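The values are calculated or read from the model by the stated rules, or taken from the named source; none is laboratory data. The shown structure was predicted, so the numbers you read here are calculated from the model rather than taken from an experiment. Every residue, glycine as well, gets a Cβ built from its backbone with ideal geometry; the counts of neighbours run over all protein chains shown.
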Amino acid sequence: MTPLLELSGVRAGYGIIDVLHGVDLAVMPGEVFALLGPNGAGKSTTLRVASGQITPSGGSVRISGREVNGVRPHALAKAGVCLIPEGRGVFPNLTVNDNLRMWTRSGTPYKVIAEKSFHYFPRLHERRNQLAGTLSGGEQQMLALSRALASDPALLMLDDLSMGLAPLIVAHLYERVAELAKDGLSILVVEQFAQAVLGVATRAAIMLHGRIERVGDPAELAAEAASAYLGGDVTLTARNPEPARLAPSQPGGR
């Protein structure tokens, strides 16, 4: 099976400073791939390369087998690549419904967007006439995910979905992530709270200093991550009430 996203020997960074040093990574259709690592490991830079925001200085990026080095972000978005960066990126002075209407500019009718959004996130239906800026952090993240679904992506990339959110809300969000994958969406998740995502991940990788150090089964990597970075056990469930953040790494990019 051809990977939906494949990075081979990718080198990239900012100006003359390389952050990624030969990254190899493949996301298969319909899987949740968790990219783990401490702050500064190069995880967010990897997402920016995959979404076309950064052109690699070496190696190749392929979408469904086609090399896309240098392809602009809007073109990759049309090809089904969607990135939700850190922060929620909603329009705070518009209601939930009006936020959803803004996303009809992608060409998808409002009715389709609303039905899909309210199916995966019923709470948004309850808040549909409420200003987005008055929603809780978790509800704003749900709205950001709905924006992504409006483009009907094939590959969804999430950068620190759990940032600033209570553990129970994080658990709920990752349940929806698992449901989206079950419905056929491929998902690449960058996460510092390892235990938040490992319970729903199909495969996982540990990244250190701009390199993928290990790829494998989430259960195997949970123990390895705990031993190497967390100093304790990682419970493989998104419902664990005390998520542990990976320790800081060397400077040089996220």
Residue check for residue 105: basic (Lys, Arg), modelled with pLDDT under 95 and surrounded by 21 or more Cβ atoms within 10 Å (Cβ to Cβ): no
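For every residue, the table says whether it meets (1) surrounded by fewer than 23 Cβ atoms within 10 Å (Cβ to Cβ); (2) part of a strand (DSSP E or B).
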{"residue": "20", "(1), (2)": "no, yes"}
{"residue": "23", "(1), (2)": "no, yes"}
{"residue": "29", "(1), (2)": "yes, no"}
{"residue": "38", "(1), (2)": "yes, no"}
{"residue": "70", "(1), (2)": "yes, no"}
{"residue": "89", "(1), (2)": "yes, no"}
{"residue": "92", "(1), (2)": "yes, no"}
{"residue": "99", "(1), (2)": "no, no"}
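Could you look through segment 40-62, keep only residues that are more than 16 Å from the chain's Cα centre (by Cα) and surrounded by 17 or more Cβ atoms within 10 Å (Cβ to Cβ), and pick out the one that is farthest from residue 15 (Cα to Cα)?
Checking each candidate, the answer is 62.
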Hits in segment 1-45 (condition: of a type outside the set (A, V, I, L, M) and closer than 18 Å to residue 70 by Cβ): 6, 8, 9, 11, 13, 14, 15, 18, 45
Whichever residue in segment 101-149 is hydroxyl-bearing (Ser, Thr, Tyr) and not in a helix (DSSP H, G or I) and, among such residues, is farthest from the chain's Cα centre (by Cα): 108
First in segment 136-156 and over 14 Å from residue 177 (Cα atoms), second anywhere and of a type in the set (Lys, Arg) and outside any helix (DSSP H, G or I), Cβ under 9 Å, 6 or more apart: 137/88; 139/127; 140/88
Enumerated helices (runs of 4 or more DSSP H) restricted to segment 158-246, each holding at least 1 residues that are over 18 Å from the mean Cα position of the chain (by Cα) and at pLDDT below 85: 218-225
Residue 141 vs. criteria at pLDDT 95 or above, in contact with a strand residue (DSSP E or B) (Cβ under 9 Å, 6 or more places away or on another chain) and among the polar types (S, T, N, Q): no
Check on residue 66, over 15 Å from the mean Cα position of the chain (by Cα) and without any contact (Cβ under 8 Å) to a residue 24 or more places away in the chain: yes
